[in-house]
Amino acid sequence: MAKFRRRTCIILSLFILFIFSLMMGLKMLRPNKAAFGDPFGLDLLPEVRQRTPHLVKTVDSQKSDKINSETNIKNLKSVEISVKPSKASEPYLEELPPLNYYLHIFYYSWYGNPQFDGKYIHWNHPILKHWNPRITKDYPQGKHNPPDDIGSSFYPELGSYSSRDPSVIETHMKQMYSASIGVLALSWYPPDSSDENGAPTDDLVPAILDKAHKYNLKVTFHIEPYKNRDDQNMYKNVKYIIDKYGNHPAFYRYKTQTGNALPMFYVYDSYITKPEQWANLLTISGSRSIRNSPYDGLFIALLVEDKHKYDILQSGFDGIYTYFATNGFTYGSSYENWAKLKLFCDHFKLIFIPSVGPGYIDTSIRPWNTQNTRNRVNGKYYETAMSAALQAHPSVISITSFNEWHEGTQIEKAVPKRTSNTVYLDYRPHKPSLYLELTRKWSEKYSKERATYALDHQLPIS
């Protein structure tokens, strides 16, 4: 009997040891980034050190002893690998929840390739120099060389595409539709002008409006800081946009508390122009006032620093947005300040639009800017931002971005890719559609929550 008990105990002990070993082995298969601490992401808050006029912080000249987990791995001796997912995993459009027209996303149409544009545009983005020459010399120089070497730490499922490709526009609208996003905020420069690395894109607006309308999306305009932007040419450009595009069914209008439906214009880097100039355009008594005219609208200023609040009031803007997807980078982009900003906006009857994003990494074009990288943490950084935005009970939420690939804020589908020199980041262990799916989840949640507090805050609900 004693022998039987000993044998039973030995067998039981071996079985327990086997189960324990199996569990430990399975645990080792989990991705390194699966763990996440505080549910509100407080461990992601960075120390704010130094800001520049270009809103990019400098890093210490001494090299960090930590390797950022989301920096490209260079000089790898491996063959090129590019993996594309099965499209069978995409949800049927009819199964999706309705679009949320209070959820906006920043969209860029500045990409080009030889097939549609005769050359690569933006994918070959130059590596930007640091303003301190001593730091610049420690980093690579020159331009990226598409299609395998692009100015991004991630690689698009669509490759180094052209924004002029009708199939690309269609795919983008379909992806936004699948994410239950209602409005895209189109980066816009006046006709015949562009950013310093791009080409004019105003001629693309009709195609974008048409494709957006096909999926019931609306289009608003994100007015970039074009050369010599001032109150006088802003009036002309707003008039141009409304006259040319205002009658299109996809042209976005926001219903105000008074029942008026007005166009909305995001104004990037609005703080560059003095409040006195903006007041000429945006106040009733201004010398070039747009108010109570056929070209009146809702003009949303970018708030970076706390002090900008009062400049925005003096300027006559209708609201504020925060744009940057880097928690802690600016006063406006710091989640901890959103409740205070919402109170300020409520007091002065302004629209508060916090901007959320899935992460941030721009080291493909600013290799010296690792300090501002925000790890995606397999989607948890994005969900933390969404949660923080909902807690502020905003009128609108904006997403940075659909496809700003240079700064790694995109929710567009990305795929694994490896070349002899670079390993691109991707969304594994999840699917390329991870951030579209998370957006759909939070869009539905925001829609339900907004409906409950809209009546209390006298917000428009339709």
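Within the range 398-439, count every residue that is assigned to a helix (DSSP H, G or I) and surrounded by fewer than 21 Cβ atoms within 10 Å (Cβ to Cβ). So that I can check it myself, show each step before the final result.
Quick first cut of the range 398-439, residues assigned to a helix (DSSP H, G or I) only: 405-407, 434-439.
Going one step further and asking which of them are surrounded by fewer than 21 Cβ atoms within 10 Å (Cβ to Cβ), we end up with 437-438.
Matching residues across the range 398-439 total 2.
Only one residue in Ser163, Ser167 is buried (at least 22 other Cβ atoms within 10 Å of the Cβ), closer than 18 Å to Gly112 by Cα and of a type in the set (S, T, N, Q), so which one is that? Talk me through it step by step, then tell me what you get.
Details: Ser167 fails: buried (at least 22 other Cβ atoms within 10 Å of the Cβ).
One residue alone meets the criteria, Ser163.
Hey, any hits in the range 105-126 for a residue that's assigned to a loop (DSSP other than H, G, I, E, B), modelled with pLDDT of 95 or more and of a type in the set (Val, Ile, Thr)?
Quick first cut of the range 105-126, residues assigned to a loop (DSSP other than H, G, I, E, B) only: 108-111, 113, 118-120, 122-125.
Retained after the next criterion (residues that are modelled with pLDDT of 95 or more): 108-111, 113, 118-120, 122-125.
Checking which are of a type in the set (Val, Ile, Thr) leaves us with none.
Looking through the range 105-126, none of the residues is assigned to a loop (DSSP other than H, G, I, E, B), modelled with pLDDT of 95 or more and of a type in the set (Val, Ile, Thr).
Is there a residue being open to solvent by less than 10 Å² (accessible area, probe 1.4 Å), touching a residue at least 60 places away in the same chain (Cβ under 8 Å) and not in a loop (DSSP other than H, G, I, E, B) anywhere in the range 325-338?
No: the range 325-338 contains no residue that is open to solvent by less than 10 Å² (accessible area, probe 1.4 Å), touching a residue at least 60 places away in the same chain (Cβ under 8 Å) and not in a loop (DSSP other than H, G, I, E, B).
Could you grab me the full set of residues in the range 158-210 that are modelled with pLDDT under 95 and either within 17 Å of the chain's Cα centre (by Cα) or of a type in the set (Asp, Glu) (or both)?
Asp192, Asp195, Glu196
Say we look at the range 96-135 and pick out the residues that are in contact with a helix residue (DSSP H, G or I) (Cβ under 9 Å, 6 or more places away or on another chain) and among the hydroxyl-bearing types (Ser, Thr, Tyr); which of these is most open to solvent (accessible area, probe 1.4 Å)?
Filtering first and then ranking leaves Tyr120.
Working only within the range 339-354, note down all residues that are touching a residue at least 40 places away in the same chain (Cβ under 8 Å) and either open to solvent by 10 Å² or more (accessible area, probe 1.4 Å) or farther than 13 Å from Gln391 by Cα (or both). It would help to see each step written out before you state the result.
Our first condition is that a residue be touching a residue at least 40 places away in the same chain (Cβ under 8 Å); within the range 339-354, this holds for 339, 341-342, 346, 351-354.
Hits for the range 339-354 are Ala339, Lys342, Asp346, Ile351.
So Ala279 fits all but one of (1) outside any helix (DSSP H, G or I); (2) over 27 Å from the mean Cα position of the chain (by Cα); (3) small (Gly, Ala, Ser); what number is the exception?
Only one criterion in (1) outside any helix (DSSP H, G or I); (2) over 27 Å from the mean Cα position of the chain (by Cα); (3) small (Gly, Ala, Ser) is unmet by Ala279, namely (1).
Starting from the range 97-126, keep only residues that are free of Cβ contacts under 8 Å to residues at least 12 places away in the same chain, then list their pairs with residues that are crowded, with 22+ Cβ neighbours inside 10 Å and in a strand (DSSP E or B) whose Cβ atoms are within a distance under 7 Å, requiring at least 6 positions of separation or different chains.
So the pair list comes out as Lys119/Gly112.
Here is a list of conditions, (1) more than 17 Å from the chain's Cα centre (by Cα); (2) surrounded by fewer than 22 Cβ atoms within 10 Å (Cβ to Cβ), and Leu390 meets all of them except one; can you say which number that is?
Unmet condition: (1).
The values are calculated or read from the model by the stated rules, or taken from the named source; none is laboratory data. Since this is a predicted model, take the numbers as computed values, not measurements. Don't worry about glycine lacking a Cβ; one is built from the backbone with ideal geometry, like all the others, and counts go over all protein chains shown. Surface areas here come from the heavy atoms of the whole protein model, side chains and all, with no ligands, DNA or RNA. Shrake-Rupley method; radii C 1.70, N 1.55, O 1.52, S 1.80 Å.
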